Structure formats: C-alpha cells, structure tokens
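The values are calculated or read from the model by the stated rules, or taken from the named source; none is laboratory data. Since this is a predicted model, take the numbers as computed values, not measurements. Cβ coordinates were reconstructed from backbone atoms using ideal geometry, including for glycine residues, and neighbour counts include every protein chain displayed. For accessibility, only protein heavy atoms count, side chains too; no ligands or nucleic acids. Shrake-Rupley method; radii C 1.70, N 1.55, O 1.52, S 1.80 Å.
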Amino acid sequence: MKTKILVCDPVHEEGIEKLKQAGFEVDVNPTITPEQLTKIVSNYDALIVRSRTKVTKEIIEAGRRLRAIGRAGAGLDNIDLETAKQRGITVLSTPEALAEAVAELTIGLIISLARSIPLADRTLKEGKWIKKKLMGWQLEGKTLGTIGLGNVGERVAKIAKALGMKILITEIIPLSPELLKELETEVVPLKELLQRSDVVTLHVPLTSQTYHMIGAKEFQLMKKEAFLVNTSRGAIVDEKALLTALKSGKIGGAALDVYEVEPPRDLELIKLPNVVCTAHIGAQTKEAQNAAASMIAEKIINSLK
Ligand code: 3PG
C-alpha cells in the first residue's frame, strides 16, 4: 500500500512536490473542517498542518494509520502532543524557517505603534492632514523587554539593538553567555522587565505555564506609555485585562498579530485607537512559507522512510 499524506492547510507547492517525488501519495485539502478530517484521517500515514487545523485527541485517535504529524511552522499548541506521544506518533516542526519573517513583522509593528503609521495612512486617505496629532517617539535609546529568547526573540533583540534600543530579557530557558554578551543585555526577573521596558514583546510558546502570563497584575507593573507586542500566541495575554489596561490608559498601546480566538469574534479590543492589528501574518512571507514547506517535507520523508 502506498504511503499517504494529507495536507490540511495552505502549504507551499514546493513541499508538496518533494513529497510526491519521494513516492508518496499526497492529498491537499487546505480548507478541511474538523468533522471532515475526523472522517477521513484513518486513510493517512501523515498529516501536514499549519495553525488553522487543530489536531485534537479525537482526530489522532481516529487516525489509526498515523505515523507522523508535520507542522509547517513553529507553534505546536494546535496539536495534542500528549495523545500523539501515547500513540507513538512523531511530531515534526520547522521553527527555524520562520524566525526572520516573524521578527521583521514584530519590528514593523513596534515602529507602526511608535509612529502611528496605520492611523496616518488611514486619515490621509480620508483627506485629513492630522500632522499635529501624530507626534510619535523614537526607538533609539528606549528599552525593549523580550520575554522569550528563542529563534524569533533572538532575532528581534538583534534588530532592536541595531536600532539603538537597550535590551532586557527574562530567563525562561537557560541562555547562552555568548548571545547575552553580543546583545549587551541584562537578564532580569519578569517583574523588573515589565517595570523598566518601553516596549514588551512576547516570544514564548503557548503552554499551560504561559497561558495568560500577561494579565491585570502585569499591566499594573508596566509604564503608562509602554507598548505590548504579541506575535506569539493570543492566549499568552489575557485579552480582557488588556482591553481594560488600554481603555484606562494603564499602558500606552498594543500591537497584536495573534488572538485568543482566530479570527477574533469580538472586535472591541482591536478597534481601539491605540491598537495596531494584523491577521496572524507573522510567518506569511514567500521566503518563510517556501522554507517551511520544503523543510517539513524533508523531515516527513526522513521520518516515514
Ligand atoms: C507558527 O507558529 O508557525 C506561526 O505562528 C505561523 O502560523 P501559521 O503557519 O498558521 O501562519
């Protein structure tokens, strides 16, 4: 019987071609619903997903033939890792493919907030010249607090340092002394990072430890003008507490690429004037998608052969 792979989300053609050339039968259904997937998953040896498809316990248990689940991307919070482990299914991902794209978006969002670029664009297109209201601030000399220094956090910190920002980080996993030296950074407890940063940026995965790690208590600690940037996972931030903090002027603004529910149903938070928002486009570059598709195809081929 031929090895069969189901691609459940939009994945670059190059990866799909690689899988076919390796002799696998590949079905592509980038809009598949959870119900449809549960019905047909038993026909496949491997699934390839991005963040849209939730590979739940029910789906894994229905996938009697499954040997591998490939995530063309970084976050694994949409895959029930515990059930996959119990069933002996290999879970593969490609965090290295996306770091540059997510880091560049993060820096873009920080500059967008600091200089009100989306508002300036919107108002001028409406024929309004509101130059006097658009007084921003420069990043040079300001402090960036980076929570998480993995692939993306490291790249964000390096670009921010090149822009003249001082970098603070909080130790979540052991950090390399060479990297700390290169960034000329200070490692501080989370509380101090929140108190001293002008911009706080999140680069941790969503786990039971990081769920709502930034909430009302943390906003209380931040500077009144500080910005929060989240290009990681929506549920790391308590969105209700963020809404209150922004409306009450507890913090200066927020830039969000990710949301607790995607697409967000309640638009109150993202419609605030001090919020800049994008639609989970961190990894949405040609280069990142090409690399993620190609790498996940290679990893699946190695794992299944
Ligand atoms: C990731 O975790 O890889 C990024 O958040 C991108 O997710 P996406 O592949 O669903 O765009």
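Confirm whether T106 is within 16 Å of the ligand (Cβ to nearest atom) and hydroxyl-bearing (S, T, Y). For T106, the condition - within 16 Å of the ligand (Cβ to nearest atom) and hydroxyl-bearing (S, T, Y) - is met. Counting the residues of region 274-305 that are over 30 Å from K2 (Cβ atoms), part of a loop (DSSP other than H, G, I, E, B) and either more than 18 Å from the chain's Cα centre (by Cα) or of a type in the set (K, R) (or both) gives 1. Go through the residues of region 81-97 one by one and say whether even a single one is of a type outside the set (A, V, I, L, M), within 14 Å of the ligand (Cβ to nearest atom), part of a loop (DSSP other than H, G, I, E, B) and surrounded by fewer than 16 Cβ atoms within 10 Å (Cβ to Cβ). Checked region 81-97: no residue is of a type outside the set (A, V, I, L, M), within 14 Å of the ligand (Cβ to nearest atom), part of a loop (DSSP other than H, G, I, E, B) and surrounded by fewer than 16 Cβ atoms within 10 Å (Cβ to Cβ). Identification of strands (runs of 3 or more DSSP E) wholly contained in region 1-70 with 1 or more residues that are in contact with a Cys (Cβ under 7 Å, 6 or more places away or on another chain) and buried (at least 16 other Cβ atoms within 10 Å of the Cβ) yields 46-49. Just wondering, is there one or more residues in region 92-112 that are more than 27 Å from T285 (Cα to Cα), of a type outside the set (G, A, S) and under 26 Å from the mean Cα position of the chain (by Cα)? Scanning region 92-112, I find no residue that is more than 27 Å from T285 (Cα to Cα), of a type outside the set (G, A, S) and under 26 Å from the mean Cα position of the chain (by Cα), so the answer is no.
For region 59-69, filtered to residues that are under 14 Å from K85 (Cα atoms) and either of a type in the set (G, A, S) or assigned by TED's automatic domain parsing to the domain that holds T231 (or both), the residue that is nearest to the ligand (Cβ to nearest atom) is A68. Of all residues in region 1-37, exactly one satisfies the criterion of being under 18 Å from K54 (Cα atoms), touching a residue at least 60 places away in the same chain (Cβ under 8 Å) and away from the ligand (no atom under 16 Å from the Cβ), namely I5.
Of the residues contained in region 248-258, one or more are found to be within 15 Å of the ligand (Cβ to nearest atom) and assigned to a loop (DSSP other than H, G, I, E, B).
Considering only residues that are modelled with pLDDT of 95 or more, open to solvent by 30 Å² or more (accessible area, probe 1.4 Å) and outside any helix (DSSP H, G or I), look in region 138-171 and name the one that is farthest from V187 (Cα to Cα). Looking at the filtered set, the residue picked out is Q138. Against the list (1) within 16 Å of the ligand (Cβ to nearest atom); (2) open to solvent by 60 Å² or more (accessible area, probe 1.4 Å), the condition I236 fails is (2).
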